[in-house]
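One structure is given here, and the rest of the page talks about it.
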Amino acid sequence: MSDLLDDPIPGQNMPEYSVSELSGEVKRTLEGSFGRIRVRGEVGRVFTARSGHLYYDVKDDRSVLACTTWKGQVSGLSVVPEEGLEVVVTGRLTAFGAQSKYNMNVDEVAVAGQGALMALLEKRKKALEAEGLFAQERKKRLPYLPEIIGVITSPQGAVIKDILHRLRDRFPRKVLIWPVAVQGANCAPEVACAIDGFNALTPGGALPRPDLIIVARGGGSVEDLWGFNEEVVARATANSEIPLISAVGHETDTTLIDFVSDQRAPTPTAAAELAVPVRLELAAWIEEQGARLSRSGADAVQRRAQRLRDLSRALPRADSLLDSPRQRLDQISDKLPNALIRGVQTRRLNLSETTAPLRPATLLRRIKDDATVTNRLAARLSPALDRLIETRRERLDIRANGLKPLRLQNDLARKTAELQALSQRLSTVAQTQIKRLRAQLETTERLRTSLGYEATLERGFAVVRSKDTLITSKAQAAKASDLEIQFHDGRLALGAKAAAKPTAKPKPTPPDQGSLF
């Protein structure tokens, strides 16, 4: 009897829910418990669907609330949510059972203040724009078909796979990948270092310099993408001599590198499409152009042949072309003898009329008159030359009198005194400047000494090494066979080197040296 009444497994008699029933109960509980509420926070990602519905996040420093405004409610909003805007949203809390998520249906948005991150971003954007880093005329043209493409992104994730896959499909090219952190504190310095590193490579060297750089990252929140809003990344992009494509985030994500880069791609896949053309389409286009050229040449030859045939039909027969010239030749041949006789007679008459005035007495008289004029001019020439020479001699004497040795000596002495005065002033200025530069050098040296790590050692700190390796943890010290401790006044060897003589104070070297790669 007890077996019929007792529940052999605790909870076995509880009612069973289907997944849809449970989702409905959760939705009714949320909507019934909260009703219409108001929430204050900063707007995160904003996405407008093709249907017209508006999806966005409202967040604070610890949590994120997904919000939805339907297409019919968007027109009633007094303020359209924008990323980074601090707002107060009003609506109803509901659940989306298909994904086990809850969100807020917002029908009213009011501005509460500007987000700190977006305010900083806007300030930084205005400063860089004022410097001309966003100017269109400074942007470089992308190469049509780069030989080598440098990609700056994380080696893990789908971004690099999408880029390589898209390049392989369109036009395979050599790709150099510079791995960097794409979010967090190390993102900005590593991305800037990667851009500078690609520009520092030698074209055609052992590690060739790329013809195009792609900076890529997947989508994320403003905080995740903040490394690409840092000024060091924007300036490295602006100083890049290699054309650069930014493909950070999705199409709705915007960072400072997008404004400074030579070309912005909405997605990493789109960046690969901008970098190279489609090889098959290019080959098809070349083949099509060759076919068009062949057809155009054949058509041109055919049209000219047809035009030649048409023109040849309009020409008369060769015999008929010679009839008129032959007739004119016969007429001219008949007139030629008489014309020659008349020409000789006419020229004889003209010769007689021209030679009639030419008598010997006339020529002799003309020669005599010309000789008289020549003699008169010759008599006047000699006095004129004497007067000209005398005038030039007087001018020369006047100028020679002005060139006195005493005047030249005085002028030379005055110029020498001026030169000595200028030399003295120059020497005084040079000595003053040398003293000022020496004082600056001494000040800089004192500053270097005070900021060096050896000054820290004088305050009681020490540097621990093992065979030139910096020891920073207890575990490393336990594994090391020997240790060397550097104090401000020298080094002390422990372990295998304990018997060695303490070394002299070393030259200042940084305790940790990194490598570019």
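The values are calculated or read from the model by the stated rules, or taken from the named source; none is laboratory data. No experiment lies behind these values; they were computed from the predicted model shown. Backbone-built Cβ (ideal geometry, glycine too); neighbour counts: all protein chains shown. Ligands, DNA and RNA are excluded from the accessible area calculation, which covers all protein heavy atoms including side chains. Shrake-Rupley method; radii C 1.70, N 1.55, O 1.52, S 1.80 Å.
Brief remarks on what is shown
- Some residue of the range 136-152 being open to solvent by 90 Å² or more (accessible area, probe 1.4 Å), under 29 Å from Arg235 (Cβ atoms) and either assigned to a helix (DSSP H, G or I) or touching a helix residue (DSSP H, G or I) at 6+ places or on another chain (Cβ under 8 Å) (or both): yes
- Output for the range 55-68, where each listed residue is open to solvent by less than 70 Å² (accessible area, probe 1.4 Å) and among the basic types (Lys, Arg): Lys59
- Search result, residues across the range 49-90 that are in contact with a strand residue (DSSP E or B) (Cβ under 8 Å, 6 or more places away or on another chain) and free of Cβ contacts under 8 Å to residues at least 12 places away in the same chain: Ala49
- Selection of helices (runs of 4 or more DSSP H) fully inside the range 400-479 by the criterion of at least 3 residues being under 42 Å from the mean Cα position of the chain (by Cα) and among the basic types (Lys, Arg) returns 405-451.
- If you filter the range 180-194 down to residues that are closer than 9 Å to Ala236 by Cβ and of a type outside the set (Gly, Ala, Ser), you find that the one that is surrounded by the most Cβ atoms within 10 Å (Cβ to Cβ) is Val191.
- Single unsatisfied condition, Ala384 versus (1) modelled with pLDDT under 85; (2) open to solvent by less than 100 Å² (accessible area, probe 1.4 Å); (3) not acidic (Asp, Glu): (1)
- Flag if Ala283 is more than 18 Å from the chain's Cα centre (by Cα) and surrounded by fewer than 16 Cβ atoms within 10 Å (Cβ to Cβ): yes
- Number of the condition not met by Leu207 [criteria: (1) open to solvent by 10 Å² or more (accessible area, probe 1.4 Å); (2) part of a helix (DSSP H, G or I); (3) touching a Leu at 6+ places or on another chain (Cβ under 7 Å)]: (2)
- Check on Cys193, closer than 20 Å to Pro243 by Cβ and either without any contact (Cβ under 8 Å) to a residue 24 or more places away in the chain or within 23 Å of the chain's Cα centre (by Cα) (or both): yes
- If you go through the range 69-94 and pick out every residue that is touching a Lys or Arg at 6+ places or on another chain (Cβ under 7 Å) and open to solvent by 20 Å² or more (accessible area, probe 1.4 Å), you end up with 4.
- One residue alone among Arg393, Arg399 is of a type in the set (Lys, Arg) and modelled with pLDDT of 85 or more, and that residue is Arg393.
- Among residues of the range 232-265 being out of contact with any strand residue (DSSP E or B) (no Cβ under 7 Å at 6 or more places or on another chain) and at pLDDT below 90, the one that is surrounded by the fewest Cβ atoms within 10 Å (Cβ to Cβ) is Glu251.
- Residue match in the range 460-467 (condition: of a type in the set (Val, Ile, Thr) and farther than 30 Å from Gly495 by Cα): no
- Enumeration of residues in the range 212-231 that are crowded, with 19+ Cβ neighbours inside 10 Å and hydroxyl-bearing (Ser, Thr, Tyr): none
- Entry remark, the range 266-280: residues being open to solvent by less than 40 Å² (accessible area, probe 1.4 Å) and in contact (Cβ under 8 Å) with a residue 60 or more places away in the chain number 7 in total.
- Residues of the range 59-84 that are within 13 Å of Val222 (Cβ to Cβ) and outside any loop (DSSP other than H, G, I, E, B): Lys59, Val64.
- Test: residue in the range 99-107 that is open to solvent by less than 90 Å² (accessible area, probe 1.4 Å), of a type in the set (Asp, Glu), more than 22 Å from Gly249 (Cα to Cα) and touching a residue at least 24 places away in the same chain (Cβ under 8 Å): yes
- Taking the range 465-512 as the range and being touching a strand residue (DSSP E or B) at 6+ places or on another chain (Cβ under 9 Å), at pLDDT below 75 and hydroxyl-bearing (Ser, Thr, Tyr) as the test, only Thr503 passes.
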